[in-house]
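J.: Below you will find the structure I want to go over with you.
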Amino acid sequence: MDSDLISEVPGPAAETPRTVHSYNVRICHWINLVACVYLLWSGIHIFLDFPELYWGHTGYRGYPAAFRLADWGLSWDEAGKIGDRRWGRNYHFTFAWVFLINGAVYVGWNLYSRHFRNQMLPARDELTVANVRTELVDHVPWRSRTHASDGLPRAQSRGYGTLQKTSYLVLIFVFVPIMILTGIAQSPGLTAAMPWLLDLFGGRQSARTLHTIGTVALVLFVIVHLLEITAAGFFTKVRSMITGKAR
């Protein structure tokens with residue numbers, strides 16, 4: 001057979017790359033990752049230097065605590081040797097500003113570009129009990145390894161599911177503001193200008209306890225997020241967040 005004729009025989013259609021993440025989403029995502037890692041690491045150092053949680057306005061060593069690390073086998077002195085409060089505070093406040101500014105840019109840009117409305121705001125038919133039940137059934141037994149909520153293979157899914165949309169919106173517009181406010185409420189200088197924060201959370205020690213609980217909840221959220229990425233194809237998802245393209 002003539003080679004020219006062979007070259008004209010159509011082969012399998014090549015998968016066309018499509019844009020799944022904008023520059024803004026990708027840049028803010030990776031900046032946010034770095035900021036959160038430093039916030040978590042520095043926050044652990046701060047907590048180890050004062051390894052007890054209290055409720056109300058008062059809290060000091062020997063005061064009745066809501067949580068004590070010593071009850072879990074690590075004494076106050078042992079925890080203090082591991083933690084470095086001065087190093088932790090410096091990095092925590094620095095990357096808190098990075099996180100805050102980066103988050104403001106992310107939210108502002110995506111509101112301007114209508115990304116939230118077009119891709120992350122659940123439609124009315126998505127909020128039905130039947131649809132939410134279907135997504136829950138799909139996620140619990142990890143059927144999501146092969147198919148997304150839109151019926152496509154995970155690697156080809158073009159949008160967020162209802163659970164993803166809801167969790168991301170709650171994370172961005174509810175959870176993160178609470179974490180920021182509970183963090184600010186621990187600063188005597190800032191609460192002097194905004195004393196209502198202490199009343200809002202019932203005291204500086206209550207704010208610290210809520211901030212710590214929120215940190216644990218955020219770590220659990222990230223673990224579930226990573227499990228979902230792994231189930232959907234870890235390298236494919238990471239590559240799309242770097243290049244912005246997916247096949």
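J.: Pulled fully out, how much extra length does the chain show between Ser167 and Asn24, if you take 0.36 nm times their separation in residues and subtract their Cα-Cα distance?
T.: Using 0.36 nm per residue and subtracting the Cα-Cα distance, I get 49.5 nm.
J.: Run the dipole for the chain about the Cα centre, Lys and Arg Cβ at +1, Asp and Glu Cβ at -1, nothing else charged, and hand back the magnitude in debye, nearest 20.
T.: 400 debye
J.: Another question, if that's okay. For a distance above 22 Å, tell me the whole-number percent of Cα pairs in the chain that qualify.
T.: 65 percent
J.: Hey, with R₀ at 35 Å, roughly what FRET efficiency would Arg61 and Val174 work out to, going by the Cβ-Cβ distance, to 0.05? Present the calculation step by step, with values, prior to reporting the outcome.
T.: On the way: r = 34 Å, r/R0 = 0.96.
After rounding to 0.05, the efficiency reads 0.55.
J.: Points 7 angstrom from Cα along the Cβ direction at Trp196 and Gln119: gap in nanometres?
T.: Output for this residue pair reads 3.5 nm.
J.: Under the Karplus relation 6.51 cos²θ - 1.76 cosθ + 1.60, θ = phi - 60°, what is the ordered set of whole-Hz ³J(HN,Hα) values for segment 111-120, x standing for Gly and Pro?
T.: Per residue, the Karplus-derived 3J(HN,Hα) values read 5, 5, 7, 6, 5, 4, 5, 7, 10, 10 Hz.
J.: Sticking with this one: Picking from Gly59, Gly189, Gly80, which is most flexible by a Gaussian network model of the chain using Cα springs under 10 Å?
T.: Of Gly59, Gly189, Gly80, the most mobile in the Gaussian network model is Gly189.
Just so you know, all these numbers are worked out from the coordinates, no wet-lab data involved. Everything numeric in this text was worked out from a predicted model, so none of it was measured. With ideal geometry, Cβ positions are generated from the backbone for all residues, glycine too; neighbour counts draw on all protein chains shown.
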